1. As an exercise: evaluate S61 against (1) more than 21 Å from K17 (Cα to Cα); (2) surrounded by 11 or more Cβ atoms within 10 Å (Cβ to Cβ); (3) touching a Phe, Trp or Tyr at 6+ places or on another chain (Cβ under 9 Å); (4) modelled with pLDDT of 80 or more and give the number of the one condition it does not meet.
2. Cβ-Cβ distance below 6 Å, separation of 6 or more or different chains: which pairs start in segment 1-24 with a residue that is within 16 Å of F82 (Cα to Cα) and end on one that is loosely packed, with under 14 Cβ neighbours inside 10 Å and of a type outside the set (S, T, N, Q)?
3. I need the full set of residues from segment 4-43 which are at pLDDT below 90, polar (S, T, N, Q) and outside any strand (DSSP E or B), in order please.
4. Within segment 10-35, take every residue that is farther than 21 Å from T77 by Cα and surrounded by 14 or more Cβ atoms within 10 Å (Cβ to Cβ) and give me the one that is farthest from the chain's Cα centre (by Cα).
5. What tally of residues in segment 51-100 results from selecting those that are of a type in the set (A, V, I, L, M), in contact with a Lys or Arg (Cβ under 8 Å, 6 or more places away or on another chain) and outside any loop (DSSP other than H, G, I, E, B)?
Amino acid sequence: MSALKFGIDPKTLSIGKDGVLRYVMVATSSSGAMNAMYEGIRCSTGEYKTYARYFPGSGWSKASSVEWQALRGTRSTSTWYFSKQGGCPDGGTAVRVDEVLHELKRSTYIKFDHN
């Protein structure tokens, strides 16, 4: 089984006027294959959505469904970990990007392996 490593591209972090934290999450396999997702987390309601996916060779593609989904019980374990380890500091809504970056550097999220 191939392990996946997940990370957030820090240059893509932004917090909109709507309070949604947006970012690009990158998934890399142990064999070097890479995919990315442009996502948003709405910490105040415990929801996330994927806006687009990146596939090497074909580029960015809009997600087929851009509906908000509950973080709790989500199939997207990496998004849930990100929300807990920096995306939603202390369970609240991030108000500054540097706050999120600080939390990510403190956490083990960037080293998260998903088997």
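1. For S61, the exception is condition (2).
2. L4/H114; K5/D113; V24/D9
3. Of everything in segment 4-43, those that are at pLDDT below 90, polar (S, T, N, Q) and outside any strand (DSSP E or B) turn out to be S30, S31.
4. For segment 10-35, the residue satisfying everything is G19.
5. Within segment 51-100, the first condition is being of a type in the set (A, V, I, L, M), and the residues that meet it are 52, 63, 66, 70-71, 94-95, 97, 100.
With the extra rule that they be in contact with a Lys or Arg (Cβ under 8 Å, 6 or more places away or on another chain), the set shrinks to 52, 63, 66.
Now narrow it down to the ones that are outside any loop (DSSP other than H, G, I, E, B): 52.
Total satisfying the criteria: 1.
The values are calculated or read from the model by the stated rules, or taken from the named source; none is laboratory data. These numbers come from a predicted model, not from an experiment. Cβ: placed from backbone, ideal geometry, glycine included. Neighbour counts: every protein chain shown.
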